[in-house]
Amino acid sequence: MVVTILRSLSGLCAVTSSSSLQRRTSNSKHRLTEIKKVTSMNPKRGVRRRQKNKNGNMVENPYSKVEAARPDIRKSLSDFLEEARDFVEDGGGPPRWFSPLECSAQAQGSPLLLYLPGIDGTGLGLIRHHKKLGAIFDIWCLHIPVRDRTPLKDLVKLIEKTVKLEHSRFPNRPIYLVGESIGACLALDVAARNPNIDLALILVNPATHVNNLMSRPLSGMMSVLPDEIPTLLEDSFGLKQGDLLKGMLDALSNEFSVHRMGGFGGEILRDLFAVSANFPTLIRMFPKDTLLWKFEMLRSAVASVNSHIYSVRAQTLILPSGHDQWLHNDKDIDRYSRTLPKCIVRKLDDSGQFPLLEDSIDLASIIKFTCFYRRGKSHDFISDYIMPTLFELKQQLDEHRLLMDAISPVMLSTLEDGTVVRSLEGLPSEGPVVYVGYHMILGFELAPMVGILMKERNIHMRGLTHPMVFMYIRDSLVDPKTFDKYKLMGGVPVSNMNFYKLCREKSHVLLYPGGVREALHRKGEEYKLFWPEQSEFVRVASKFGAKIVPFGVVGEDDIFNIVLDSNDQRNIPILKDLMEKATKDAGNLREGDESELGNQDCYIPGLVPKIPGRFYYYFGKPIDLAGKEKELKDKEKAQEVYLQAKSEVEQCIAYLKMKRESDPYRHLLPRMLYQASHGLSSEIPTFDL
């Protein structure tokens with residue numbers, strides 16, 4: 001039971017029970033509602049920009065304009081250097097906290113986030129992330145003036161005092177410590193001294209060791225330079241050089257746009273001019289005596305952390321850069337991850353020394369991807385979930401643009417009077433709604449379905465998802481980043497309690513009773529349901545008066561053939577070992593269960609692609625459970641509704657398999673020719689309804 005807007009390589013999904021299949025009941029008893037023919041031409045499936053809410057008022061669909069979404073507004077390196085000028089010239093004083101004005105719009109009950117700066121000490125290291133983080137955290141930043149010489153131990157005490165005070169005010173909320181390089185060491189020291197306070201650590205490029213090959217010669221060179229060097233540099237090259245470089249930048253902008261360069265090259269050029277134009281600020285930020293002090297404090301911080309690391313009990317997220325070999329190495333990060341009891345490591349492969357100032361790093365998104373956000377003792381997948389921004393959703397849609405163009409999905413739904421229409425008009429607007437259906441292999445049906453429902457109907461499907469998606473498994477065969485989209489789009493670990501909470505919150509819930517066995521089916525098992533004998537979801541759904549929407553999807557056999565299934569891989573020693581490890585990681589080993597559903601193999605099937613066919617989705621008439629809670633407390637009555645839903649899913653699939661044979665645009669070439677003559681954005685017709 002997986003919800004996401006893209007296909008996962010592993011295709012893992014969750015299951016309910018593992019008992020044998022129920023004998024199919026008579027067709028007359030659980031017959032799909034009679035379909036009323038539509039003689040008119042198929043209506044064009046445009047984006048439904050406005051719809052009525054439960055009060056009958058028209059509301060705008062916020063996702064209808066997702067294609068035009070722009071990147072979230074974020075400050076730049078130039079903004080960091082310009083704002084740092086005021087901090088450098090503030091006249092000194094002791095270390096102190098400040099809260100950026102742009103972080104004042106946090107939601108009620110947001111946890112406290114304390115930012116501990118790196119070697120610069122300004123406290124502006126999160127400047128590119130203030131707006132997005134400020135919506136979900138109460139942010140305080142530590143500023144250490146340039147001339148301040150507070151010892152490391154006293155800095156730790158200052159942070160610890162703040163942590164204890166805020167913990168006494170809100171004992172049930174976690175306190176986040178985001179530390180960068182030296183700041184990461186401070187965060188670990190505070191956590192080691194306060195194991196009974198609920199802390200969540202985010203360590204960016206933590207200083208695990210100092211590369212003496214670089215630091216000692218640099219320290220030696222700095223110690224012999226005269227104190228007047230920074231002043232001489234500023235007098236000689238200061239503002240005049242900055243003005244000159246700004247003029248060069250303006251001239252280059254007129255000749256060719258920096259943004260037109262795009263990618264990594266454009267970022268480097270912009271950063272180069274930003275640094276050069278603010279050269280005087282950098283000189284004031286790192287005078288000779290301050291740099292020497294920072295080097296000594298860095299050595300002390302690394303030594304302190306290495307002596308206290310075994311006392312840390314806090315939840316930890318480590319974000320090491322792939323191109324920083326000065327303050328840490330991979331062996332140290334691996335040692336930390338194995339030492340800290342609740343630790344996740346997410347490597348920033350393409351980042352350098354200061355990742356938080358890079359365009360490609362979005363800390364708020366990383367927190368979403370790792371499910372690291374919580375307001376209480378533990379992460380609640382329902383109440384702590386943060387909706388994707390429009391641009392985050394657009395990125396996910398763009399990632400599957402090629403798939404969407406190749407399969408040209410057809411969406412059908414059923415109105416209250418039984419009429420089938422080529423649109424999503426038949427889907428209920430208000431929850432709770434439970435969508436139950438057939439799971440294609442590897443979840444290929446999910447990307448079009450979830451994305452189109454959001455764009456056209458403002459329906460956000462939250463799927464009951466395999467728990468492995470949310471687990472951090474060290475040395476796993478599957479990169480944890482593969483599952484980012486599941487978490488971003490609101491996937492929830494499958495459990496009775498989570499299903500209950502989603503229904504209580506009136507959510508649109510996506511449920512695949514066939515689970516892993518259905519999503520990773522074998523040769524010749526296309527469109528076969530592997531539902532357990534009975535399920536409790538009907539009785540839970542009835543408690544909240546939910547609607548059950550059965551749906552079928554057809555098209556996987558038009559896109560590839562399975563050449564290596566789990567049976568084949570068991571006969572190949574290497575693949576067998578990999579399959580067993582993946583199954584063990586997924587937690588699907590069920591001792592003593594020899595049934596077909598109990599043998600839930602997790603594997604990556606061998607597939608041979610075909611020329612892409614078309615995908616067809618058919619949402620049947622909703623089964624309304626309102627007012628039936630008492631009736632469905634009877635297990636036999638609930639079982640009848642369950643089998644009715646299963647029968648209707650099967651008939652939705654049968655209907656699509658039959659009707660697609662008359663679709664003149666089922667194959668890729670006719671669709672390409674149609675769009676070539678009618679425009680790429682034109683709606684491709686399908687069979688008559």
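The values are calculated or read from the model by the stated rules, or taken from the named source; none is laboratory data. These figures come from a predicted structure and were not determined experimentally. Virtual Cβ from ideal backbone geometry, glycine too; neighbours counted across all protein chains shown.
Which one of 659, 633, 646, 628 is within 35 Å of the chain's Cα centre (by Cα) and of a type outside the set (Gly, Ala, Ser)? Before the answer, list the steps.
Details: 659 fails: within 35 Å of the chain's Cα centre (by Cα); 633 fails: within 35 Å of the chain's Cα centre (by Cα); 628 fails: within 35 Å of the chain's Cα centre (by Cα).
The match here is 646.
State yes or no: is residue 648 acidic (Asp, Glu), buried (at least 20 other Cβ atoms within 10 Å of the Cβ) and either outside any helix (DSSP H, G or I) or modelled with pLDDT of 95 or more (or both)? Show your work before the answer.
On the way: acidic (Asp, Glu): yes; buried (at least 20 other Cβ atoms within 10 Å of the Cβ): yes; either outside any helix (DSSP H, G or I) or modelled with pLDDT of 95 or more (or both): yes.
Yes; evaluated as a whole, the condition is true for this residue.
Looking at (1) closer than 20 Å to residue 373 by Cα; (2) out of contact with any Cys (no Cβ under 9 Å at 6 or more places or on another chain), find the lone condition where residue 523 falls short.
Unmet condition: (1).
Restricting the search to region 420-458, which residues are among the charged types (D, E, K, R) and out of contact with any helix residue (DSSP H, G or I) (no Cβ under 9 Å at 6 or more places or on another chain)?
First pass over region 420-458, keeping only residues among the charged types (D, E, K, R): 422, 425, 430, 445, 455-457.
Hits for region 420-458 are 422, 430, 456, 457.
Results for (1) in the same structural domain as residue 64 (by TED's automatic domain parsing); (2) touching a strand residue (DSSP E or B) at 6+ places or on another chain (Cβ under 6 Å); (3) loosely packed, with under 15 Cβ neighbours inside 10 Å, shown as yes or no for each residue.
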| site | (1), (2), (3) |
| --- | --- |
| 375 | no, no, no |
| 381 | no, yes, no |
| 397 | yes, no, no |
| 402 | yes, no, yes |
| 408 | yes, no, no |
| 412 | yes, yes, no |
| 417 | yes, no, yes |
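Is it the case that some residue within region 665-675 is within 12 Å of residue 552 (Cβ to Cβ), surrounded by 18 or more Cβ atoms within 10 Å (Cβ to Cβ) and either over 35 Å from the mean Cα position of the chain (by Cα) or among the aliphatic types (A, V, I, L, M) (or both)? Steps first, answer last, please.
First, the residues of region 665-675 that are within 12 Å of residue 552 (Cβ to Cβ): none.
The answer is no, given that none of the residues of region 665-675 is within 12 Å of residue 552 (Cβ to Cβ), surrounded by 18 or more Cβ atoms within 10 Å (Cβ to Cβ) and either over 35 Å from the mean Cα position of the chain (by Cα) or among the aliphatic types (A, V, I, L, M) (or both).
The rows are residues; the columns are (1) in a loop (DSSP other than H, G, I, E, B); (2) aromatic (Phe, Trp, Tyr); (3) within 16 Å of the chain's Cα centre (by Cα).
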position	(1), (2), (3)
412	no, no, no
423	yes, no, no
428	yes, no, no
486	no, yes, yes
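Give the number of residues within region 63-88 that are assigned to a loop (DSSP other than H, G, I, E, B), of a type outside the set (Ser, Thr, Tyr) and in contact with a helix residue (DSSP H, G or I) (Cβ under 7 Å, 6 or more places away or on another chain). It would help to see each step written out before you state the result.
From region 63-88, those assigned to a loop (DSSP other than H, G, I, E, B) are 63-65, 69-76; that's our starting set.
Still in the list and also of a type outside the set (Ser, Thr, Tyr): 65, 69-75.
Imposing the further condition that a residue be in contact with a helix residue (DSSP H, G or I) (Cβ under 7 Å, 6 or more places away or on another chain) reduces the set to 69-75.
Qualifying residue count for the region: 7.
Among the residues of region 100-134, what is the count of those that are surrounded by fewer than 16 Cβ atoms within 10 Å (Cβ to Cβ) and not in a helix (DSSP H, G or I)?
We begin by selecting, within region 100-134, every residue surrounded by fewer than 16 Cβ atoms within 10 Å (Cβ to Cβ); these are 101-102, 104-105, 107-109.
Okay, now just the ones that are also not in a helix (DSSP H, G or I), so 104-105, 107-109.
Residues in region 100-134 being surrounded by fewer than 16 Cβ atoms within 10 Å (Cβ to Cβ) and not in a helix (DSSP H, G or I): 5 in total.
When region 181-207 is examined, which residues are found to be in a loop (DSSP other than H, G, I, E, B) and among the charged types (D, E, K, R)?
Within region 181-207, 198 is the sole residue that qualifies.
So is residue 339 over 30 Å from residue 659 (Cβ atoms), surrounded by 18 or more Cβ atoms within 10 Å (Cβ to Cβ) and either basic (Lys, Arg) or touching a residue at least 12 places away in the same chain (Cβ under 8 Å) (or both) or not? Quick ask: steps written out before the conclusion?
Details: over 30 Å from residue 659 (Cβ atoms): yes; surrounded by 18 or more Cβ atoms within 10 Å (Cβ to Cβ): no; either basic (Lys, Arg) or touching a residue at least 12 places away in the same chain (Cβ under 8 Å) (or both): yes.
In short, no.
Considering only residues of region 640-666 that are touching a helix residue (DSSP H, G or I) at 6+ places or on another chain (Cβ under 8 Å) and of a type outside the set (Ser, Thr, Tyr), which is nearest to residue 429 (Cα to Cα)? It would help to see each step written out before you state the result.
The first filter runs over region 640-666 and keeps only residues touching a helix residue (DSSP H, G or I) at 6+ places or on another chain (Cβ under 8 Å), leaving 641-642, 645, 664-666.
Now restrict to residues that are of a type outside the set (Ser, Thr, Tyr): 641, 645, 664, 666.
Numbers: 641: 22, 645: 20, 664: 32, 666: 30 Å.
That would be 645.
Exactly one condition in (1) in contact with a His (Cβ under 7 Å, 6 or more places away or on another chain); (2) in a loop (DSSP other than H, G, I, E, B) is false for residue 93; which is it?
(1)
Checking residue 352 against (1) within 19 Å of residue 126 (Cα to Cα); (2) in contact (Cβ under 8 Å) with a residue 60 or more places away in the chain: exactly one of these is not met. Which one?
Unmet for residue 352, out of (1) within 19 Å of residue 126 (Cα to Cα); (2) in contact (Cβ under 8 Å) with a residue 60 or more places away in the chain: (2).
If you scan region 604-637, which residues turn out to be crowded, with 16+ Cβ neighbours inside 10 Å, assigned to a loop (DSSP other than H, G, I, E, B) and charged (D, E, K, R)?
614, 621, 628
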